[in-house]
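In what follows, a structure is listed as structure tokens, so that the remarks can point back to it.
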Amino acid sequence: MTKLCTFKPIVVLPTFNERHNIQQIIPAILDVSPIDILIVDDNSPDGTGALAQNLARTNKHVRVLHRTDKAGIRQMVAKHCKKNERSLTCSHV
């Protein structure tokens, strides 16, 4: 019998100064499906990272990656995918 690999999907939301948008989009995504969400904040000066961290504290499906460098979204997604062996759906907020 062939063993099948299963992947758990994750939504990756790259953010920069998206505080007001993530307040709306995170609940909207979770209302559709209890899928895992990774918010990637590129050191937003508007408090996006802090809000994302608060959302992660109150919801087990939300995680946050705080980036201080600007290496680019491709490198971040590739690194996360390889590290967690995840199938990714990416969307800009």
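Computed values, structure above
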item: Length released on extending from LYS8 to ASN21, taking residue separation times 0.36 nm less the Cα-Cα span; result: 2.2 nm
item: Environment charge of THR15, counting only residues whose C-beta is closer than 9 Å and scoring Lys/Arg +1, Asp/Glu -1; result: -2
item: Chain lengthening between ASP31 and ARG57 when straightened (0.36 nm per residue, less Cα-Cα); result: 7.6 nm
item: Segment 5-65, relative contact order [Cα under 8 Å, separation at least 6], %; result: 39
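Computed from the coordinates by the stated procedures, all read-outs in this text should not be read as laboratory data. Remember, it's a predicted structure, so these values are computed and weren't measured experimentally. Neighbour counts are summed over all protein chains in view; Cβ atoms, including those assigned to glycine, are modelled from backbone coordinates with ideal geometry.
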